[in-house]
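The values are calculated or read from the model by the stated rules, or taken from the named source; none is laboratory data. Everything numeric in this text was worked out from a predicted model, so none of it was measured. Quick reminder, even Gly has a Cβ in these numbers, built from the backbone with ideal geometry, and neighbours come from all protein chains shown. The area values use the complete protein model at the heavy-atom level, side chains included, leaving out ligands, DNA and RNA. Shrake-Rupley method; radii C 1.70, N 1.55, O 1.52, S 1.80 Å.
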Amino acid sequence: MSHLGLPPNTHMAPHSTSLCFSGTLCFARLPPLPLFSSSAISLRVSRQFTRSIRMSSSSSPIDSVPSPPDNAIVLGCGGIAVDFLATVDSYPQPDDKIRTTSLKVQGGGNAANALTCAARLGLTSRLISKVANDSQGKGMLEELEADGVDTSFLVVSKEGNSPFTYVIVDKQTKTRTCIHTPGDPPMLPADLSQSSMLSALERASIVYFDVRLHETALVIAKEAGRKKIPILVDAEKKRDGLDDLLQFADYVVCTAKFPQVWTEASSTPGALISMLLRLPKLKFVIVTLGEEGCLMLERASKDVLQSQETDIESLVETLTHRKDSTTTFPTCVSSETTNLKADGIGTVSGRLFLGTAEKIPPEELLDTTGAGDAFIGAVLYAICAGMPPEKMLPFAAQVAGCSCRALGARTGLPHLTDPRLVPFLV
């Protein structure tokens, strides 16, 4: 996907930035955009992965890749933005003046990124959000449309500014810092007509919320609930309206700190049990752990009859010892369905899954911006495709790993035919 640099003859604007790029101090207006696993399974994946690498030089379609789920439609409601990605050798100290080593401008925002990922994987993706009728807003729509995302349900304000984010990518620590400016005027439920909402929900396989536009999201969630459309919520951190949306969630994907912050449990495994107890509609919760992979707790479809209970902390330790630490590609280990308990919290019937992340060579790890959105986009695909967790978690981790090999949230997002995904789809 192409991107534009700073346009010539750019004048100062209310929302402008000063960047020292390649030794030149530039004042730039926000520019428009252009557009589980047993050893046998691990061995099989390893062999398939090796074969896929040999195929990586071919640009022709991969015959063994399955087609996307028939008529699968994902509707997302949430954040969209322009990302200004400035790479620096190291994060600046207060009052420092430093130079960027590279600059990239492209579309961003959690929901927009996740739906772009889902679209590249072959899902029909629809987005509900809001932009202004400015060059940035128009560029964002063009970029999404070029990736096959349906933007017909976006609200375009005649005035104001589209949301944008400054992203500082630290080459030394391999981290990124985001400074976000919301769009103005903000999106309100009245901006989305009843007819548009119903059209957006028509034949939807799943609805996804990043909780950025919580008032509008809640209206959509209630209607999706009435239509019995499953809902996935991205619980990045505590936000206004999150508690209400979680009551409608069938699936939750959350960041490492969120479960303990939200439940006040003393550990992440205990917090996952607490979440399933507090949210009776919830089928599974995944907590992403960066380079440590992820942890998933799936509720059993029916209660386990056995009276024996398994301590979830001990089970996590057991799974940790079982995982294969010698492979570079993502894998997954899981427990049997059992009664899982957390002291002082309670017991649920379910299965615990421990997924690993891809071990990316340091020289290939360029930018983690949007890795969580890529993971969620892949989870949306996996749910629609009916993937079991043992396949879903490594697949999602691989998609996220691909995204970290390029600057920006979308540049490295793979298509379904990407040879690096083949071992996880067969």
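Here is how the numbers come out for the structure above:
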quantity: Pairs, first more than 18 Å from Thr331 (Cβ to Cβ) in the stretch 274-294, second assigned to a helix (DSSP H, G or I), C-beta under 6 Å, six or more apart; calculated: Ser274/Thr263; Leu279/Leu246; Leu282/Leu276; Val285/Leu272; Val285/Met275
quantity: Out of Leu115, Leu103, sole residue that is open to solvent by 10 Å² or more (accessible area, probe 1.4 Å), over 17 Å from Pro182 (Cα atoms), of a type outside the set (Lys, Arg) and not in a loop (DSSP other than H, G, I, E, B); calculated: Leu103
quantity: Within the stretch 373-408, tally of residues that are in contact with a Phe, Trp or Tyr (Cβ under 7 Å, 6 or more places away or on another chain) and not aliphatic (A, V, I, L, M); calculated: 6
quantity: Selection status of Ile220, buried (at least 19 other Cβ atoms within 10 Å of the Cβ), of a type outside the set (S, T, N, Q) and outside any loop (DSSP other than H, G, I, E, B); calculated: yes
quantity: Identity of the residue in the stretch 122-160, outside any strand (DSSP E or B) and touching an Asp or Glu at 6+ places or on another chain (Cβ under 7 Å), that ends up nearest to Ser193 (Cα to Cα); calculated: Thr151
quantity: Hey, Ala200 open to solvent by less than 20 Å² (accessible area, probe 1.4 Å), modelled with pLDDT of 95 or more, under 28 Å from Phe258 (Cα atoms) and of a type in the set (A, V, I, L, M) or not; calculated: no
quantity: For Lys341: the one exception among (1) more than 26 Å from Pro423 (Cβ to Cβ); (2) basic (Lys, Arg); (3) assigned to a loop (DSSP other than H, G, I, E, B); calculated: (3)
quantity: Residue within the stretch 364-380 that is at negative phi, in contact with a helix residue (DSSP H, G or I) (Cβ under 8 Å, 6 or more places away or on another chain), open to solvent by 20 Å² or more (accessible area, probe 1.4 Å) and among the acidic types (Asp, Glu) present; calculated: no
quantity: Breaking point among (1) surrounded by fewer than 23 Cβ atoms within 10 Å (Cβ to Cβ); (2) under 28 Å from Ile229 (Cβ atoms), for Leu144; calculated: (1)
quantity: Ser325 hydroxyl-bearing (Ser, Thr, Tyr) and either modelled with pLDDT under 95 or more than 24 Å from the chain's Cα centre (by Cα) (or both); calculated: yes
quantity: Lone qualifier among Leu43, Leu35 - being open to solvent by 60 Å² or more (accessible area, probe 1.4 Å), modelled with pLDDT under 65 and not in a helix (DSSP H, G or I); calculated: Leu35
